Number of protein chains: 2
Amino acid sequence: MAKIKVAKNGTKRDAITQKGAGLFRKKGFAASSMRELADSVGVEASSLYNHIGSKSEILRSICFTVANRFTSQLNEVEQVSQDAVGKLENLIRFHIQMMLENFDEVYVANHEWKQLEEPYLSNFLSQRKAYENRLADIIRDGISKGSIKDINPHVVVLIILSAVRGLEFWQRNKKNISESELVEQMVSHLLNGITK
Amino acid sequence: MAKIKVAKNGTKRDAITQKGAGLFRKKGFAASSMRELADSVGVEASSLYNHIGSKSEILRSICFTVANRFTSQLNEVEQVSQDAVGKLENLIRFHIQMMLENFDEVYVANHEWKQLEEPYLSNFLSQRKAYENRLADIIRDGISKGSIKDINPHVVVLIILSAVRGLEFWQRNKKNISESELVEQMVSHLLNGITK
């Protein structure tokens, strides 16, 4: 599936953003310097500014690209004629895939969004809230149609999003299990817990 | 249930540690100063040092107190003659309770442990790994006795620990649900997903 990572035809700006994600994940946004970023891209610090305005701009680009990917997937899933459990399964798989394939970017969006400047910070938070509310709507629909147990949709959203986010510990410290086994068991645990 | 928080008969040192947990959670360990801590305790910065050696010592105390609480609970649970599902339920409830009642301390132990100095850093990590392995053993026992589905115990541990940890988002942004409802639904979702 499509990765956020820069393709062969990606621009210099994309390459900088990608290296920035790796750097921000490892060192944190605040502790990362444009100089270190230039080193990891392999250019002079001054030439970075031909492609990107500031460190903040890189963070913003990472956070909003990740947010867009999740929102696009949700848009698609909402359009599909599938029951609520199928929709949730699709989204859980997408979250896991994003964590595994675009780990740096998703990690940075999860951990460093606080460093966004206004108006981007408020905008990012309201997008996230809207995303969670739409997930809750899918669960609510499943409950009303009888495929999902009568539980608080926001608790389910919290558990699902936290569990997939927990893959960041997995990434750091891989256990003896294949990626596909991990995905299947995670989907199964999370869905069996709520389906009737 | 017992909170980590300082009781009426707590020492000045306990009070400092508690305020430190609140400060480190809000500002992060690196960005917190002893001066701010003194302000929040209501003493002169110089007098803090009558009770505590350094900022690092406070972090260490928080992380190891939290680790001890979880390990003690696990020790008790392992001794009880209860099946694996019952043991897991007990531990999930304990994790949720710790998140809700000792939020600052658990949050700091979860997020700021990287700032521990050696030998404490390695020690903390090996304790955490041992804890996770013992949880996996309980799940493995449940699988072998037929009460838990045949799934990878480490995936289950990851999902459970991530989900309860996700309560930090809940704490920040409370939804319209009671604490007891939250606990029951979380336990039910997490256990129904793996029991036969």
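Of the residues that make up region A:23-30, is at least one outside any loop (DSSP other than H, G, I, E, B) and over 28 Å from residue B:28 (Cα atoms)? No: zero hits.
With respect to being at the interface with chain A (Cβ under 8 Å from one of its Cβ atoms) and either more than 14 Å from residue B:87 (Cα to Cα) or out of contact with any Lys or Arg (no Cβ under 7 Å at 6 or more places or on another chain) (or both), residue B:133 falls outside the description. Looking at region A:47-60, can you tell me whether even one residue there is of a type in the set (Phe, Trp, Tyr) and touching a residue at least 24 places away in the same chain (Cβ under 8 Å)? Within region A:47-60, none of the residues are of a type in the set (Phe, Trp, Tyr) and touching a residue at least 24 places away in the same chain (Cβ under 8 Å).
All but one of (1) in contact with a His (Cβ under 6 Å, 6 or more places away or on another chain); (2) within 26 Å of residue A:128 (Cβ to Cβ) hold for residue B:177; which doesn't? Here residue B:177 meets the rest and fails (1). Selection over region B:63-95 of residues that are within 28 Å of residue B:29 (Cα to Cα), of a type in the set (Gly, Ala, Ser) and touching a residue at least 60 places away in the same chain (Cβ under 8 Å) gives a count of 1.
For region A:81-95, the tally of residues that are over 12 Å from residue A:188 (Cβ atoms) and within 15 Å of the chain's Cα centre (by Cα) stands at 4. Determine whether region A:175-195 contains at least one residue that is of a type in the set (S, T, N, Q), within 22 Å of residue A:17 (Cβ to Cβ) and within 12 Å of chain B (Cβ to nearest Cβ). No, region A:175-195 contains no residue that is of a type in the set (S, T, N, Q), within 22 Å of residue A:17 (Cβ to Cβ) and within 12 Å of chain B (Cβ to nearest Cβ).
Taking the condition free of Cβ contacts under 8 Å to residues at least 12 places away in the same chain and facing chain A (nearest Cβ under 9 Å), does residue B:118 pass? If you could, list the steps in order and put the result at the bottom.
Numbers: free of Cβ contacts under 8 Å to residues at least 12 places away in the same chain: yes; facing chain A (nearest Cβ under 9 Å): no.
So residue B:118 fails the test.
Flag not set for residue B:143, criterion: touching a strand residue (DSSP E or B) at 6+ places or on another chain (Cβ under 9 Å) and more than 9 Å from chain A (Cβ to nearest Cβ).
Considering each residue of region B:144-166, count those that are without any contact (Cβ under 8 Å) to a residue 12 or more places away in the chain and either aliphatic (A, V, I, L, M) or in a helix (DSSP H, G or I) (or both), and give that number. Spell out the reasoning first.
Step one: filter region B:144-166 for residues without any contact (Cβ under 8 Å) to a residue 12 or more places away in the chain, giving B:144, B:150, B:152, B:155, B:158, B:162, B:166.
Checking the rest, the ones that are also either aliphatic (A, V, I, L, M) or in a helix (DSSP H, G or I) (or both) come to B:144, B:155, B:158, B:162.
Looking only at that region, the number is 4.
Set side by side, the residues A:73, A:82 differ, and just one is outside any helix (DSSP H, G or I) and in contact with a helix residue (DSSP H, G or I) (Cβ under 8 Å, 6 or more places away or on another chain), which is A:82.
Laboratory data are not the source of any read-out in this text; all were calculated from the coordinates shown. All of these numbers come straight from a predicted model, not from anything done at the bench. For neighbour counting, all protein chains shown are included, and Cβ atoms are generated from backbone atoms with ideal geometry for every residue, glycine included.
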